[in-house]
Structures are given as C-alpha cells and as structure tokens.
Amino acid sequence: MQTQKATAIAHPNIALIKYWGNRDEALRLPANSSLSMNLAALATTTTVEFRSDLNADSVTIDDAEATASARERVIAHLDRVRALASINTKTSVISRNNFPAGTGLASSASAFAALTVAACAAAGLQLSTDALSRLARRGSGSACRSVPGGYVLWDACGADAGDEDDCSFGRTIASPDHWDLRDVIAVVESAHKATGSTEGHMIAGTSPFQAARVASTPERLERCRAAILARDFPALADVIEQDALAMHAVMMTSVPSLLYWRPATLAVMQAVRAWRTDGLAVAFTIDAGPNVHCICPAESSAQVERLIRAIHGVERTLTSGVGQGSRLIPW
Ligand code: PMV
C-alpha cells in the first residue's frame, strides 16, 4: 500500500469588510473585494492521506462521518487537487475544529484552507501562498483569506478583469503583530445554522440593496484598509459596523429573506454602541449567523468580555487575537 500524508492547521477569519454574493458561482469569484483578520485562538486541523488501498474517499469531521453535503463539497475540492497533481488515488480526510462549526464562526474558511494546504502537500504539489489561496477560494470563498496571515485583503479583481480564476486571492496587508486587536465573540447560539453562506450568496442578487452595497464597498474597503494601517480604532469601528449592517440589510431583504439575528444578537449590538459612546473602544460585526464578533484593542478585551457575559442570552464568549496563515504541521 502506498500512502502520502500531510496535516495542516488553519484559522478562521472574521471579515471586517464582507464578501456576500458571487459574480461567478462556479469559480466563487466574489461580487466585491473584502478584508479580514485571522483568528489565532480558533483552528481547524486537517490530515489528508492519499491511500492506494481505498476505493472511496472517507471524510471525518469532529470525530463523526461527514454529512452527505459536507462530504460532497470536500470531495469536489479533493478532485481539484487530484486534477492538478494528475492522480486519482482516494483519500482519507480527518478534520477537527476547536470551536463550534456552522454558527457564523466561519468554519468553512478554516476548513477549506486547511484542506487545501494538507491535500496539496500530501499530493506532492508545491504551490505558492497565492496559488494555495486561489485554490482554497474554490472550496469556500472566504477560505482564500485564511491562507495568508494577519490582516488579509481578497481582491475581487473587478468584472473588467474577466471571470478568470487567476486574479482573485487573498493577500496580507498587515502582519498579526501590526495591531493587537481582539475578537470577543458573543456566542448566543451554538446550533447549526439553517441557511449556509453558499445558498446565501446565490440569492444575494434578489435584494434590491445588493447592487448599492456592492457599488459602495470600494469606499468602505479603502477606509477600513487605511484605519488598519494607521491603527485608527474610531475610524475602524464606524466602517466595520456600517459594512456588516449593509450585508445584513441585503440578507434580510433577499428572497427568501435571511434573518440570522436573535434577540441577544441585537442586545449585544445595542450594548456595544452604548459602551462606545461611554468611551470604551469596541465595535461589532456579524457573519452569516447570530453570534456577534466584538472587535476591540487588546487593552479593552477583558472589560468587553466581562460586560458581554452579563448580557441575557449570551451563552459564553470566545476571545481571539490576530492569527497567522495556514501551515503544515508535523504528524
Ligand atoms: O466563504 P463563505 O461562502 O462561507 O462566505 C462567507 C460569508 C460571510 O462570512 C458572511 C462574510 C465574509 O466575508 O466572510
């Protein structure tokens, strides 16, 4: 029996400027550019082994056999790697998250980043970070932002660049130590979300607000990039809340309507705004789920955690600093 095996670790990322909607669904070319930070404390670790003794791929996630839809998506991604490496050997994939998957904590980003890096190494491919990011994007758009480290900009490339796979991938704009921001996640629900982002992207265009959101994103992206480079928290706070609300306005008004918020989601948002008015440096952002990501400088994070835990409906908090990119680890 011949085996080729590799293990990779990847962190999810929280988008500060959101990706929502694709201009090409098959290639996962986004409607707009986005910007995120990797989350060091949250991680997916994935081992991929190509095994000549297998006659079907086997996919295990968090110690259980993957659901049919997750398995199908993983196998489609393995097929991309097999095509690049000109092999057809079946694989065993074992993946573990140290955080709850499918609750707006971006498990698909770290999942497909780790899968890409491990599968390419196991298949004997030596790809650049840019090429790994581009390939991860095909599995889950936001996964391309978990391949490079720190603060990452994913360039949509613009429709005039053509719907080509080549140009759209994540690039680091600042390393993790550039600015010690924290994400204090208010977990208000740990159950699996009803509508995932893949379906959400497909209906984004049914909202009358999507075109306006996409058209106004470059200005917010530039403000956000400048705020990060200048470590300007008040400017960052304004722009990330505005951008998250623009995405949720699209979600709520798409057909069918996606309303991810719970009462506790709104309670945390209102509290964050009140604390900021009182002088505490903190701002919220929310992905495709009910949990609220409270972004703050490291020095405010202990107080932010304490205050959030006191809000009715918050199950617990998870706090993370800024993380590195995806990497191979010894097995
Ligand atoms: O990569 P996907 O298909 O899981 O989409 C991610 C969508 C959001 O998390 C809501 C926004 C983002 O930019 O990460």
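The values are calculated or read from the model by the stated rules, or taken from the named source; none is laboratory data. All values reported here derive from a predicted model rather than from experimental measurement. Glycine gets a Cβ as well: all are built from the backbone with ideal geometry, and neighbour counts include every protein chain shown.
Worth a mention:
- Only one of the numbered conditions (1) closer than 30 Å to Leu181 by Cα; (2) more than 12 Å from the ligand (Cβ to nearest atom) is not met by Ile14, and that is (2).
- Selection count where residues are among the small types (Gly, Ala, Ser) and within 13 Å of the ligand (Cβ to nearest atom), scope the stretch 177-208: 4
Residue-wise test of (1) more than 18 Å from Val81 (Cβ to Cβ); (2) of a type in the set (Gly, Ala, Ser); (3) surrounded by fewer than 24 Cβ atoms within 10 Å (Cβ to Cβ); (4) at pLDDT 95 or above.
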| position | (1), (2), (3), (4) |
| --- | --- |
| Ala15 | yes, yes, no, yes |
| Tyr19 | yes, no, no, yes |
| Asn38 | yes, no, no, yes |
| Thr46 | no, no, no, yes |
| Ser52 | no, yes, yes, no |
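- In the stretch 188-215, residue surrounded by the fewest Cβ atoms within 10 Å (Cβ to Cβ) [restricted to those that are modelled with pLDDT of 95 or more and outside any helix (DSSP H, G or I)]: Pro208
- Some residue of the stretch 306-325 being part of a helix (DSSP H, G or I) and of a type in the set (Asp, Glu): no
- Inspection of the stretch 93-104 identifies no residue that is assigned to a helix (DSSP H, G or I), basic (Lys, Arg) and surrounded by fewer than 24 Cβ atoms within 10 Å (Cβ to Cβ).
- Only one of Ser133, Ser92, Ser52 that is hydroxyl-bearing (Ser, Thr, Tyr), in contact (Cβ under 8 Å) with a residue 24 or more places away in the chain and under 26 Å from Trp179 (Cβ atoms): Ser133
- Pick from the stretch 266-294, criterion within 14 Å of the ligand (Cβ to nearest atom) and out of contact with any helix residue (DSSP H, G or I) (no Cβ under 6 Å at 6 or more places or on another chain), ranking: modelled with the lowest pLDDT: Gly289
- Only one entry in Leu221, Leu258, Leu236, Leu280 is outside any helix (DSSP H, G or I), buried (at least 16 other Cβ atoms within 10 Å of the Cβ) and hydrophobic (A, V, I, L, M, F, W, C), namely Leu258.
- Checking each residue in the stretch 204-254 for being under 19 Å from Arg273 (Cβ atoms) and β-branched (Val, Ile, Thr) picks out Val239, Ile240.
- When Ala109, Ala70, Ala83 are checked against the criterion of being of a type in the set (Gly, Ala, Ser) and in contact (Cβ under 8 Å) with a residue 12 or more places away in the chain, a single residue qualifies: Ala109.
- Residues (outside any strand (DSSP E or B), aliphatic (A, V, I, L, M) and either closer than 20 Å to Ser140 by Cα or in contact with a strand residue (DSSP E or B) (Cβ under 8 Å, 6 or more places away or on another chain) (or both)) located in the stretch 50-92: Leu54, Ala66, Ala68, Ala70, Val74, Ile75, Ala76, Leu78, Val81, Ala83, Leu84, Ile87
- Matching residues, the stretch 17-42, being of a type in the set (D, E, K, R) and either away from the ligand (no atom under 11 Å from the Cβ) or on the phi < 0 side of the Ramachandran plot (or both): Lys18, Arg23, Asp24, Glu25
- Inter-residue pairs, beta-carbon under 6 Å, first part of a strand (DSSP E or B) and in the stretch 8-22, second more than 8 Å from the ligand (Cβ to nearest atom) and among the hydroxyl-bearing types (Ser, Thr, Tyr), 6+ apart: Ala8/Thr46; Ala8/Ser326; Ile9/Thr45; Ala10/Thr44; Ala10/Ser110; Ala10/Ser146; Ala10/Ser326; Asn13/Ser146
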